[in-house]
Amino acid sequence: MTKQKYIVVGAGPVGSLAALYAANRGHEVEIYELRSDLRDPSTTPLNFTKSINLALSERGINAMRHAGSKTLLDHVMNSVIPMSGRMIHGKRPSGELYEESQTYDVHGRDIFAADRAELNKTLLDILEEMPNVKFYFNHKLTGADFKRRVAWFEVRNSDKSSPGRAKEVEVSFDFMMGADGAHSSVRYHLMKYVRMDYQQEYIDTLWCEFQINPNTKRHNTHSALERFAISPNHLHIWPGKQFMFIAIPSEDGSFTCTLFMPSANYAALEADSSKLPSFFDQHFPGVTSLIPPKELIASFETNPHLPLISIKCAPYHSGSAVVILGDAAHAMVPFYGQGMNAGLEDVRTLFSLLDKHEATAESNDPSDPAPLDPSLQRRAALAEYSAVRAPDAHAINDLALQNYVEMRASVLSPAYRLRKALEEWLSVYVPRLGWQTKYSRVSFSNERYSDVIARSEHQGKILNRVLKAAFWTPLVLGLAGYYRYYPGGQRPASGVVGNVMGYVAGLVRNFRS
Ligand code: FAD
């Protein structure tokens, strides 16, 4: 394998994992990050909030499993909390509060609550130990020429006590991986080199973070579980038709909560935040006993009210020089808990294609002593990557948008529950059909997202037909039986069909009399 200079723009979870994959293949890796080192306590966290707890599932875990690090997955999985399902919170007409657990998976598989910053730090710690990796924090990508393979970075002064003029540095590279988030600079420059289709949408929902504190009253008791005010092994949802409040557990016993709500409702409450506790009592019953009203108002006033963006674009690469990954390629709304998981899966998919094309080139003529041109193989790998990955990224973007309706409204609908129950029954009792819920395919498998949509639609059509048949068949057979055997029906019906016909005929007769 010919070693090359790979530069990664953005040291978020996706950029850091991409750097690890590249470094483990022996390349010289440089990581350029706009902000200062995340591990430095004075660094302002992303999105200016304390932390984001997120749902880590199979795709993200699988990408880390294949990163070539002995410690990564152990470190990450040691500090996650398994979540076996959703806990739906509500109020009965009698005024009584209730909790209803809906398991994610009939086979008992979990998703995991992970602290995004901790996961990111673990990756940076592992990279720091590698001799072929260099970090450049406080470096902001400002320009790139993908023909000459040079990029320009503004070097920001991290020492706030002595502000000086930012200087610019020029960096050459063989291959650039852009993992610089939803507002990606790499994507912006890439657009000048390829005919990129680009679509972005802000949904009319803002999000704000709140905190349920550890259960201090029962702290220091024998059971670690008692640190948590509500079940630690669920993703808690207070659904509302237009709004949603969720809570995800953290290791210290607290819960990171998020309020998702249309901007008009935010504006109304911003005008008079004293109404917040009664608004919560009306729409999210029980929350004010977990977060005291004063804290609720303080978090609402202090924490930012942030927008949610959904981005689709294609292709993701230019020649053999550059590719974009993670949110830079496909920022999505967070309702399927897949944004980071999909970004980490990008990395695994990309490197499996780079490896495949390299192996194919090497095996073409093993006796030829001429060195292989790595850029030719990479060009082919990147073309395949864009072709394969774009439909999948578009599919999960769509699923994430649809899942907002499921989380805030469908979880309460009988039709949704019936389909879930039927699909789970088929998955357990008729395994050879390969039946699975859409949620299971997305969260517990590594199936292509576009295949998940196709299979789920196919399953939906079959279920509809079966349900329609289950409804109409006895009715039709019964009516046929009625007109054949009554009045004056002399012949007794026999067999299953006959029994059904006779049964419905009897019903019709009773109904008429
Ligand atoms: P980012 O995390 O955005 O990192 C990009 C990095 O690039 C940053 O460090 C940034 O400073 C740097 N950068 C930016 N511009 C430049 C530049 N010009 N030069 C150099 N560096 C630059 N995902 C899940 O999988 N599960 C969840 O449950 C989940 N919940 C979420 C909840 C909310 C409320 C939100 C908003 C998102 C959620 N996500 C979730 C999505 C997840 O947070 C993102 O998909 C993930 O962080 C993307 O990682 P990334 O590395 O691609 O980008």
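A short reminder: the numbers here are calculations on the coordinates, not readings from a lab. In this text the structure is predicted, and so the values were computed from the model without any measurement. All Cβ positions, glycine included, derive from the backbone under ideal geometry; neighbour counts span all protein chains shown.
Couplings 3J(HN,Hα) for segment 122-128, derived from phi with the Karplus relation 6.51 cos²θ - 1.76 cosθ + 1.60 (θ = phi - 60°), are 4, 4, 5, 4, 5, 5, 4 Hz, where x marks Gly and Pro. From the alpha carbon centroid of segment 433-452 to that of segment 63-84 is 21 Å.
Amide H contacts for Met83 (H built 1.01 Å from N in the peptide plane; partners 5 or more residues away or on another chain; cut-off under 5 Å): Ile111, Phe112, Ala113.
Helix-only arithmetic for the chain: the sum of -39500 (n - 2.57) across DSSP H runs with n ≥ 4, divided by the residue total, places the mean residue ellipticity at 222 nm at -13500 deg cm²/dmol. Each of Gly60, Gly478, Asn24 was scored by the projection of its Cα onto the charge dipole of the chain, and the greatest displacement toward the positive side belongs to Gly478; charges sit on the C-beta of Lys, Arg, Asp and Glu.
Note on Gln102/Asp74: beta-carbon distance plugged into 1/(1 + (r/R0)^6) with R0 of 45 Å gives a FRET efficiency of 0.90. The modelled label-to-label distance for the pair Gln200/Asp252, using points 7 Å beyond Cα in the direction of Cβ, is 3.4 nm. Site pair His458 and Ser363 shows an inter-label distance of 2.8 nm when each label is modelled 7 Å from Cα along Cα→Cβ.
Once the Cα-Cα distance is subtracted from the 0.36 nm per residue extended length, the Asp373 to Met191 segment shows a gain of 62.9 nm.
Give the shape of the chain as rounded, prolate or oblate, defined through the alpha-carbon gyration tensor: a ≥ b ≥ c are the square roots of its eigenvalues, a/c under 1.5 means rounded, and otherwise the shape is prolate if a/b is larger than b/c and oblate if not. Judged from the Cα gyration tensor, the chain comes out oblate (a/c at least 1.5, b/c at or above a/b).
Taking a ≥ b ≥ c as the square roots of the eigenvalues of the alpha-carbon gyration tensor, segment 23-128 is classed oblate because a/c is 1.5 or more while a/b is no larger than b/c.
Bridgeable lysines around Lys461 (alpha carbons under 29 Å apart, same-chain partners fewer than 8 residues away excluded): Lys241, Lys312, Lys420, Lys438.
Across segment 387-401, computed HN-Hα scalar couplings (Karplus, 6.51 cos²θ - 1.76 cosθ + 1.60, θ = phi - 60°) run 5, 7, 7, 4, x, 6, 5, 5, 5, 6, 4, 5, 4, 5, 5 Hz from first to last residue, x flagging Gly and Pro.
For segment 420-476, the set of GluC sites (Glu not before Pro) satisfying both a DSSP loop assignment and a count of at most 11 other C-beta atoms within 10 Å is empty.
A straight Cα-to-Cα reach below 18 Å connects Lys356 with the lysines Lys3, residues fewer than 8 places away in its own chain not being considered. Considering segment 239-287 at the alpha-carbon level, its Rg and Dmax are found to be 12.0, 35 Å.
The equivalent ellipsoid that matches the C-alpha gyration tensor of segment 289-442 spans semi-axes of 41, 25, 12 angstrom, in descending order. With r defined as the distance between the Cβ atoms of Ala470 and Ala268 and R0 fixed at 56 Å, what FRET efficiency is calculated, to the nearest 0.05? Efficiency at R0 = 56 Å is approximately 0.75. Potential lengthening of the chain between Arg156 and Leu418 amounts to 88.7 nm, from the contour at 0.36 nm per residue minus the alpha-carbon distance.
Rounded, prolate or oblate: which fits segment 97-152, taking a ≥ b ≥ c as square roots of the Cα gyration tensor eigenvalues, rounded meaning a/c under 1.5, else prolate when a/b beats b/c? Judged from the Cα gyration tensor, segment 97-152 comes out prolate (a/c at least 1.5, a/b above b/c). Between Gln402 and Glu301, the FRET efficiency from the beta-carbon distance, with R0 = 35 Å, is close to 0.60.
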